[in-house]
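First comes the structure, then the notes that go with it.
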Amino acid sequence: MKNLTVIIAVILIVVNFLLGLMLSSYESFNVWMNFAVIVFNTILISMLSSLRIKDGFRYALGVLFPIFGFVEFLCIAFSKPQFEDNGAAIFVLFLWVLQVILLLAANRVSKTIE
């Protein structure tokens, strides 16, 4: 599963950079921010598969993390190409924190259930 996750991430990164080259409205800031989104979500999904988490949490988060990743990708793709006063980037940062908290909580609860 980890290999498939990495292969899909590499494909998404290549497509992201190709879109950055082909679309004039897709700024390099957005390309690099979406690169970070893809890498972050790949790491989270890899961690999800490597941690000893109960199956219910694993399946739920395995569906939720790619959905969050897609929402994050769209938010950054259509955001202003700047760090300052960028509501989409703040929203993505909030989603990253939420994902990490969900993963840590699922890990903690899974250990206490055993």
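So how tilted is helix 28-50 from the main axis of the chain? Cα-based, degrees 0 to 90, rounded to 10. Its long axis makes an angle of about 10 degrees. Which distance in Å, rounded to a whole number, links the C-alpha centroids of the stretch 1-29 and the stretch 65-106? Result: 17 Å between the Cα centres. Between the helical axis of 87-113 and the longest alpha-carbon principal axis of the chain there is an angle of about 10 degrees.
Enter the angle in degrees (range 0 to 90, nearest 10) between the Cα long axis of helix 2-22 and the first principal axis of the Cα atoms of the chain, meaning the one along which they spread out most. With both axes taken from Cα atoms, the answer is about 10 degrees. Placing unit charges on the Cβ atoms of the charged side chains and taking the dipole of the stretch 44-114 about its Cα centre, the candidate lying farthest along the positive direction among Gln82, Leu48, Ile101 is Leu48. Placing one equal scatterer on every Cα of the chain and applying the Debye formula, the log10 ratio I(q)/I(0) at q = 0.21, 0.23, 0.24 Å⁻¹ is -1.11, -1.24, -1.31.
Taking all protein chains into account, the per residue accessible area for the stretch 21-107 stands at 60 Å² (1.4 Å probe). Taking the chain as a Gaussian network, where each spring joins two C-alpha atoms under 10 Å apart, which residue of Ser24, Ser50, Ser79 fluctuates the most? For the chain, modelled as a Gaussian network with Cα springs under 10 Å, the answer is Ser24. Protein heavy-atom surface of the chain, 1.4 angstrom probe: 74% of the accessible area is carbon and sulfur, with nucleic acids and ligands not counted. Just tell me the longest site-free run in the chain, where the sites are trypsin sites (Lys or Arg not before Pro) in a DSSP loop having at most 15 other beta-carbon atoms within 10 Å. By the stated rule (loop sites, at most 15 other Cβ atoms within 10 Å), 55-114.
The values are calculated or read from the model by the stated rules, or taken from the named source; none is laboratory data. Predicted model only: the values in this text are computed from it and were never measured. For neighbour counting, all protein chains shown are included, and Cβ atoms are generated from backbone atoms with ideal geometry for every residue, glycine included. Each accessible area value is taken on the protein alone, full model and side chains, heavy atoms only, with ligands, DNA and RNA left out. Shrake-Rupley method; radii C 1.70, N 1.55, O 1.52, S 1.80 Å.
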